[in-house]
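Read the structure below first, then the notes.
The values are calculated or read from the model by the stated rules, or taken from the named source; none is laboratory data. These figures come from a predicted structure and were not determined experimentally. FYI the Cβ positions are ideal-geometry reconstructions off the backbone, even for glycines, and counts take in every protein chain you see. Ligands, DNA and RNA are stripped out before the accessible areas are found, and what is left, the full protein with its side chains, is counted by its heavy atoms. Shrake-Rupley method; radii C 1.70, N 1.55, O 1.52, S 1.80 Å.
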Amino acid sequence: MPTVNQKELVTFDVAPGEHRHWRLTFDGQVATLAMDVNEDYGLRPGYKLKLNSYDLGVDIELHDILQRIRFEHPEVACVVLTSARERMFCAGANIYMLGTSSHAWKVNFCKFTNETRLAIEDACAHSGQHYIAACNGATAGGGYELALACEEIYLVDDGNSAVSLPEVPLLGVLPGTGGLTRVVDKRKVRRDLADVFATLAEGVKGKRAVEWRLVDGLFPRSRFQDAVRERALAFATEEAHPTAAGIVLDALSPEVTAGSVHYRHVDLQLNPEARTAELTIHGPDGPQPDTPESIHAAGADFWPLRAFREIDDALLRLRFHYDEIGLVLLKTRGTLETVRALDTTLYHLREDWLVNEILLLMARALRRLDLTARSLFAVVDEGSCFAGSLLEIALAADRIFMLRDSAGAVRMASSPLNAGLLPMTHGPSRLQVRFLADPARVEDILTESEPFDTDAADEAGLVTAAADEIDWEGELRVAIEERVSLSPDALTGMEANLRFAGAENADSKVFGRLSAWQNWIFSRPNATGERGALTLYGKPERPQFNWRRT
């Protein structure tokens, strides 16, 4: 299979038979996911994926595998993440790939890998699937960041294998997948030791790695696999796990043209000249499964599972393929009542393992929307169905525009899912973030049984602007034209600051620091200039730095 040029479309919808870089095996409640990167199958020409280094294609496969373990193998209680290579766990992101990639590609690559690591932590926290990193060799950079996403990290004690974050001393950049934040926030490494660790290119090994809290334990090579398996089995027996069969996630297979991406329930229409796009979600049509048995029977065709997988895929395509699109208009089509009824079913059946996984996937897709560096305008007009889980789409927007129609047919509504089951990256619901100054307003909206027409929605604070039928098109057009005329850099920074109001957590710190510091560092000559450290990596020349601190 030939490599794919970066400028060509990347497919995020991967089938199991297409996995080239990972080996997944099952033994009862324990799964083993072994990294075995095929160095000849990079996503683009110009580099070899040596030493289990990874590019976007490797992580796309990992993202797919993580989803499949959750939906297709609910019996799995522990996943051992390791390497199929002797004395090499993972060398991290491929440096030559990063050095030759565009700025936008580097930033989106880091964001995607962050989201994939968060999916591991999400499975540990909410799906009862524990992850153990079995570092059976050198674990560097992004390889250690991958291990950091796991609940426990074990390092082989062979006198040579070390964990390291060498990006600062070797490349002049930061670890791009949350490594610094997870070291101090998650593993609670003392910050002076973290400072030494992050500037020590060769890393830390053996007892010192344990003493510094960088790993949880050491095992000699002779008993490494057996010792890790014992720990995995202990995790697996801690709690009961579903014995029901999983469901198979089929391919999304969208229809892609030069100006659109069309799925079963989602449409992405592109207008490159105007630098805008329309993302339209079509709500459920007709009666929906309302029992665990009927939901399991529907499987991957169940509307919320299929629709939110499509939303997720559309957002990834938008990020990587259409970087000059600055504004996305978020639209829905369908009936409020059907969406609310389906949401109520999901809420009442949330203890069922499959319904729980569907809700978690919906939440992850919505967080992907929150974290997408595009301006988002929600357009609530005739035929919209911004209710409950789809109301979250509007609440994720930077502005909400609502048509004041003479018939009062344009409405929006809440459902039980708006009460916190679909949280933002930093923890609260989107309603809580919207009404930080007036928390009582959240409860009023959640307990309102009747949908909000435009006047009621405006009074409740649910919309940014309401316009009647005469002024609607003109006001919306002016708002769109004004938005796309502004600096995209300033907008990215502004939106990242405004969307995540309230207290931060480790997850939001990772993305905030990526958006600000790593984005900035990637554009600086000390890293990516002609004489920058990342540019000259692997060459005999030494980097030349501008020594001014800014």
Of the residues in the stretch 159-169, those that are closer than 25 Å to Pro543 by Cα and either in a loop (DSSP other than H, G, I, E, B) or in contact (Cβ under 8 Å) with a residue 40 or more places away in the chain (or both) come to Val163, Ser164, Leu165, Pro166
Can you name every residue in the stretch 378-394 that is surrounded by 24 or more Cβ atoms within 10 Å (Cβ to Cβ), touching a strand residue (DSSP E or B) at 6+ places or on another chain (Cβ under 8 Å) and closer than 20 Å to Ser429 by Cα?
Ala378, Cys385, Phe386, Ala387, Gly388, Leu390, Leu391, Ala394
Go through the residues of the stretch 463-477 one by one and say whether even a single one is surrounded by 13 or more Cβ atoms within 10 Å (Cβ to Cβ), of a type in the set (Phe, Trp, Tyr) and touching a residue at least 60 places away in the same chain (Cβ under 8 Å).
yes
Whether any residue in the stretch 503-523 is basic (Lys, Arg), outside any helix (DSSP H, G or I) and either over 30 Å from Thr100 (Cβ atoms) or in contact (Cβ under 8 Å) with a residue 60 or more places away in the chain (or both) is what I want to check.
no
Number of positions in the stretch 97-137 that are of a type in the set (Asp, Glu) and within 25 Å of Gly538 (Cα to Cα)
0
Any residue at all in the stretch 140-158 that's of a type in the set (Ser, Thr, Tyr), over 22 Å from Phe12 (Cβ atoms) and not in a helix (DSSP H, G or I)?
yes
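Here is a yes/no grid of residues against (1) closer than 25 Å to Gly176 by Cβ; (2) out of contact with any strand residue (DSSP E or B) (no Cβ under 8 Å at 6 or more places or on another chain):
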residue: Val10; (1), (2): yes, yes
residue: Val37; (1), (2): yes, no
residue: Ile60; (1), (2): yes, yes
residue: Pro74; (1), (2): no, yes
residue: Gly92; (1), (2): yes, no
Can you tell me which of Asp313, Asp290, Asp343, Asp285 is touching a residue at least 60 places away in the same chain (Cβ under 8 Å) and over 30 Å from Leu491 (Cβ atoms)?
Asp343
Asp64 meets each of (1) within 24 Å of Tyr322 (Cα to Cα); (2) without any contact (Cβ under 8 Å) to a residue 24 or more places away in the chain with one exception, condition (2)
Filter result (in contact with a Lys or Arg (Cβ under 7 Å, 6 or more places away or on another chain) and more than 23 Å from Phe377 (Cβ to Cβ)) within the stretch 422-465
none
In the stretch 399-450, what residues are open to solvent by less than 20 Å² (accessible area, probe 1.4 Å), polar (S, T, N, Q) and assigned to a helix (DSSP H, G or I)?
Asn418
Selected residue [free of Cβ contacts under 8 Å to residues at least 24 places away in the same chain and either open to solvent by less than 10 Å² (accessible area, probe 1.4 Å) or in contact with an Asp or Glu (Cβ under 9 Å, 6 or more places away or on another chain) (or both)] from Lys207, Lys186:
Lys207
In the stretch 478-502, what residues are of a type in the set (Gly, Ala, Ser), open to solvent by less than 50 Å² (accessible area, probe 1.4 Å) and in a helix (DSSP H, G or I)?
Ala479, Gly493, Ala496
Criterion first (modelled with pLDDT of 95 or more, out of contact with any Asp or Glu (no Cβ under 8 Å at 6 or more places or on another chain) and open to solvent by 20 Å² or more (accessible area, probe 1.4 Å)) does Val163 satisfy it?
no
Given the residues Gly427, Gly408, Gly383, Gly420, which is the only one that is closer than 17 Å to Glu278 by Cα and of a type outside the set (A, V, I, L, M, F, W, C)?
Gly383
In the stretch 255-278, how many residues are surrounded by 16 or more Cβ atoms within 10 Å (Cβ to Cβ) and modelled with pLDDT under 95?
0
Residues satisfying the stated conditions in the stretch 321-363, i.e. under 14 Å from Leu390 (Cα atoms), part of a helix (DSSP H, G or I), open to solvent by 10 Å² or more (accessible area, probe 1.4 Å) and not aliphatic (A, V, I, L, M)
Glu337, Thr338, Arg340, Thr344
Being surrounded by 14 or more Cβ atoms within 10 Å (Cβ to Cβ), more than 32 Å from the chain's Cα centre (by Cα) and of a type in the set (Asp, Glu): is that true of Asp453 here?
yes
Residues that are touching a residue at least 60 places away in the same chain (Cβ under 8 Å) and in a loop (DSSP other than H, G, I, E, B), drawn from the stretch 526-545:
Gly532, Ala533, Leu534, Thr535, Tyr537, Gly538, Pro543, Phe545
